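Encoded as structure tokens, the structure appears first; notes follow it.
Laboratory data are not the source of any read-out in this text; all were calculated from the coordinates shown. This structure is a prediction, so every number in the text was calculated from the model and none was measured. With ideal geometry, Cβ positions are generated from the backbone for all residues, glycine too; neighbour counts draw on all protein chains shown.
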Amino acid sequence: MSAITIGYARCSTDKQDLAAQRAALERLGVPPERIYTDHGLTGTNRARPGLDQALAAVRAGDTLVVPKLDRLARSVPDARAIADELVARGVKLALGSSVYDPADPLGKMFFNILATFAEFEADLIRLRTREGMAIARARGKLRGKQPKLSEKQQRELRRMHDTGEYSISDLAELFSVSRPTVYRTLAR
């Protein structure tokens, strides 16, 4: 049985597109039907069904191809765990057009350096996000998720509920909200 290439692509948000990563994988020789993807899942989330499928599809002698290491993992421990699993199974790892042998000392060092940079980049993004949110909060621009109902609607919902004539389902239908929203409004 001959070795095959399996591709994996991931984007963090639903607004991002996987087309560029898919095209890169196809240019690297991965057949389109062998590309597994995760859409809207961060690299720090280890529960990634597409990655699990890609890892299940590779066999000894095969190559797992990822456009960039940060698409595979965003932390050194996660990257190491995936690389160690691949080595144990006799699977090669290609990051872009470069094939890395994590079993080789030089390949292992280079892989760990790349994983460290990917983790550093993820940490910087989190730091910048927190800083931006703190600044927006201080300026009054970030107030969190807004209630589904205005203050006036909330008062009316409460008044109607207190009459005893309306069930939670009735109120949800009348105000075009879910039942949990009615319960949250009444609990406030």
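With labels modelled as points extended 7 Å from the Cα through the Cβ direction, what inter-label distance (nm, one decimal) is found for ALA136 paired with ALA47?
2.6 nm
Once you have a ≥ b ≥ c as the square roots of the Cα gyration tensor eigenvalues for the stretch 21-157, tell me rounded if a/c is under 1.5, and otherwise prolate or oblate according to whether a/b is larger than b/c.
Because a/c hits 1.5 or more and a/b exceeds b/c, the stretch 21-157 counts as prolate.
Which of ARG137, ARG188 has the fewest other C-beta atoms within 10 Å, and how do the rest follow up to the most?
Ranking ARG137, ARG188 by Cβ neighbours within 10 Å, fewest first, gives ARG188, ARG137.
Computed FRET efficiency, Cβ-Cβ of ILE4 and SER98, R0 30 Å: what is it to the nearest 0.05?
Computed FRET efficiency for ILE4 and SER98: 0.95.
Listed highest first by mean packing, meaning other Cβ atoms within 10 Å per residue, what order do 103-112, 62-71 come in?
Listed from highest to lowest mean packing, they are 62-71, 103-112.
Once label points are set 7 Å from the Cα along Cα→Cβ at both HIS39 and ARG27, what is their separation, rounded to one decimal in nm?
2.2 nm
Along the positive direction of the dipole of the chain (beta-carbon charges: Lys, Arg +1; Asp, Glu -1; about the Cα centre), which of ILE113, ALA79, ALA138 reaches farthest?
Checking the options against the dipole of the chain, the answer is ALA138.
Give me the dipole magnitude in Debye, nearest 20, for the stretch 100-188 about the Cα centre, with unit charges on the beta carbon: positive for Lys and Arg, negative for Asp and Glu.
Magnitude of the dipole: close to 680 debye.
Using a ≥ b ≥ c from the Cα gyration tensor of the stretch 83-188 (square roots of the eigenvalues), is it rounded, prolate or oblate, where a/c under 1.5 gives rounded and otherwise the larger of a/b and b/c decides, a/b for prolate?
prolate
Taking the Cα centre of the chain as the origin and placing charges on Cβ (Lys, Arg +1; Asp, Glu -1), which of GLN153, LEU55, LEU69 is farthest toward the positive end of the dipole?
Positive-most Cα among the choices belongs to GLN153.
Could you tally up the Lys pairs in the chain with alpha carbons closer than 21 Å? Skip any pair fewer than 8 positions apart unless they're on separate chains.
5
Any idea what the dipole of the chain comes to, in debye rounded to 20, about its Cα centre with Lys/Arg Cβ at +1 and Asp/Glu Cβ at -1?
840 debye
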